[in-house]
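In what follows, a structure is listed as structure tokens, so that the remarks can point back to it.
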Amino acid sequence: MSDSEYRGGTTAGGRWGCGLAILICLPVGIYLTLVAALGDCTYGVQCHRGMLLDVILPTAALAALIGFGARWLINGMNRERGDDP
């Protein structure tokens, strides 16, 4: 393969998927962090489960869903148009 044929390491769907996941999940993660930090707990009752279950796992799951969904959708549309090799 010559240098003029190299098209990069990622697909258009991968780049759009990462961008959309960051754009949507960054505010969601900030909001979930704020919600997890607010509120009073009564004495002797464990009401905050921790950052992992309250913030990180839901945000990561949403980011994966959005990122892979957008990648699948955009790469599929590009294949139908004949843009991808």
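The values are calculated or read from the model by the stated rules, or taken from the named source; none is laboratory data. Predicted model only: the values in this text are computed from it and were never measured. Methodologically, a virtual Cβ is constructed for each residue, glycine included, from the backbone with ideal geometry; neighbour enumeration extends over all protein chains shown. SASA here: full protein model, heavy atoms, side chains in, ligands and nucleic acids out. Shrake-Rupley method; radii C 1.70, N 1.55, O 1.52, S 1.80 Å.
Quick notes on this structure:
- From the coordinates shown, Cα Rg over 2.2 N^0.38 Å corresponds to which of [x] 1.07; [y] 1.64; [z] 1.21: [y]
- Considering helices alone, the calculated mean residue ellipticity of the chain at 222 nm is -21500 deg cm²/dmol, with DSSP H runs of length four and up weighted by -39500 (n - 2.57) and normalised per residue.
- Cysteines in the chain lacking any other cysteine Cβ under 4.7 Å from their own Cβ: Cys18, Cys25.
- Protein heavy-atom surface of the chain, 1.4 angstrom probe: 67% of the accessible area is carbon and sulfur, with nucleic acids and ligands not counted.
- Phi angles of the range 64-76 translate, via the Karplus equation with coefficients 6.51, -1.76, 1.60 and θ = phi - 60°, into HN-Hα couplings of 5, 4, 5, x, 6, x, 5, 4, 4, 5, 6, 5, x Hz per residue; Gly and Pro are given as x.
- At a probe radius of 1.4 angstrom, the accessible area of the chain per residue rounds to 80 square angstrom.
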